[in-house]
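What follows is a single structure, written as structure tokens, with notes after it.
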Amino acid sequence: MKLACASGAFHRAIERGDLTQLEFVDLCAREFACDGVVLDVRHFPRNDDDYLAQIKKMTADRGLSVAALADPAFFAPSRQGRAGVLETARVLGAPIIAAPLAPQTGCSWSEQLAVLHEATASAKAENVTLALRNAPQTFAASSYDCKRASKETDSAWLRFGPDPGCLGAGDDPALLAPNTVLLWAGAGSTAEAIGATLDAFAGFLGHLTVDDAAGEADAGAVRAAMRAWRLALSRRELDSTAQ
């Protein structure tokens, strides 16, 4: 498992102008020792070729991969510019776009399903995988909702990007694990939550992304979270080799 940080964790600071996207990338490399970054589409000051080339070069120079783009509104029926987000992912070499489904009060399931069919067809054309995030009060709040969306969309370009900490007591992470391409965890995850995630997704080899749902993380909290995950992964590795 590799570790990434989401720029969404610092959304408020970026929104205020206290932190730029480029400074975030530098922070991930120098302070957090991440393997990758997840870049929120809201944080791109511009999307021209020169700027995207700068981001791509900077991540390469810092030894980071662009693990994914995050777009909170990608699957919203009213979303304009889905094609532009897919193009940005293609240019940056981001293999994944992670997004929740729309709120249940925002549209009907048939409207949401139509968006999923259109989005997955476009994703296939750009060779970018879509990772469905579970989020409360959306059409993909539970593990069972996620499986329903996947089954009814019937596309290999729709996979899962769950936050196990947001699943309910009645959910089953095992339903999602085989097709999970990105994992999420809050910056304040407890040792118990970290252990439960590592148990449920033991075979996962992609990026675990540290985030903050409120977008108000501070560098110290993310640094501590990275340390906790790294320590837990190291212990698991030692335990497996000792057996």
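The values are calculated or read from the model by the stated rules, or taken from the named source; none is laboratory data. These figures come from a predicted structure and were not determined experimentally. Backbone-built Cβ (ideal geometry, glycine too); neighbour counts: all protein chains shown.
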Task: Pairs with Cβ under 7 Å, 6+ apart, first in segment 214-243 and within 12 Å of G188 (Cβ to Cβ) and surrounded by 14 or more Cβ atoms within 10 Å (Cβ to Cβ), second modelled with pLDDT under 95 and of a type in the set (S, T, N, Q) - done: A225/S189
Task: Per-region count, segment 65-75, residues surrounded by 21 or more Cβ atoms within 10 Å (Cβ to Cβ) and either touching a residue at least 60 places away in the same chain (Cβ under 8 Å) or farther than 21 Å from T180 by Cβ (or both) - done: 3
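Here is a check on your reading of the model: is G215 within 17 Å of the chain's Cα centre (by Cα) and under 23 Å from A29 (Cα atoms)? Please lay out each step first, then the result.
Details: within 17 Å of the chain's Cα centre (by Cα): yes; under 23 Å from A29 (Cα atoms): yes.
The answer is yes for G215.
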- [ ] For S7, work out the one condition from (1) farther than 28 Å from I194 by Cα; (2) surrounded by 16 or more Cβ atoms within 10 Å (Cβ to Cβ); (3) of a type in the set (S, T, Y) it doesn't fulfil.
- [x] (1)
Open item on the list: Could you check segment 198-208 and list, in sequence order, the residues that are surrounded by fewer than 18 Cβ atoms within 10 Å (Cβ to Cβ) and more than 23 Å from S7 (Cα to Cα)?
Closed with: D199, A202, G203
Task: Residue in segment 62-78 that is nearest to the chain's Cα centre (by Cα), counting only those that are within 16 Å of R90 (Cα to Cα) and not small (G, A, S) - done: L69
- [ ] Tell me which residues, restricted to segment 10-28, are surrounded by fewer than 18 Cβ atoms within 10 Å (Cβ to Cβ) and assigned to a helix (DSSP H, G or I).
- [x] R12, E15, R16, L22, E23, D26
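Out of S7, S65, report the one residue that is within 22 Å of G81 (Cα to Cα) and either out of contact with any Lys or Arg (no Cβ under 8 Å at 6 or more places or on another chain) or of a type outside the set (F, W, Y) (or both). Reasoning before the result, please.
Values: S65 fails: within 22 Å of G81 (Cα to Cα).
The conditions single out S7.
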Task: Residue list for segment 208-219, restricted to those being outside any loop (DSSP other than H, G, I, E, B) and either acidic (D, E) or out of contact with any Cys (no Cβ under 9 Å at 6 or more places or on another chain) (or both) - done: L208, D211, A219
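Taking into account only those residues within segment 29-52 that are touching a residue at least 40 places away in the same chain (Cβ under 8 Å) and farther than 18 Å from A187 by Cβ, which is surrounded by the fewest Cβ atoms within 10 Å (Cβ to Cβ)?
D49
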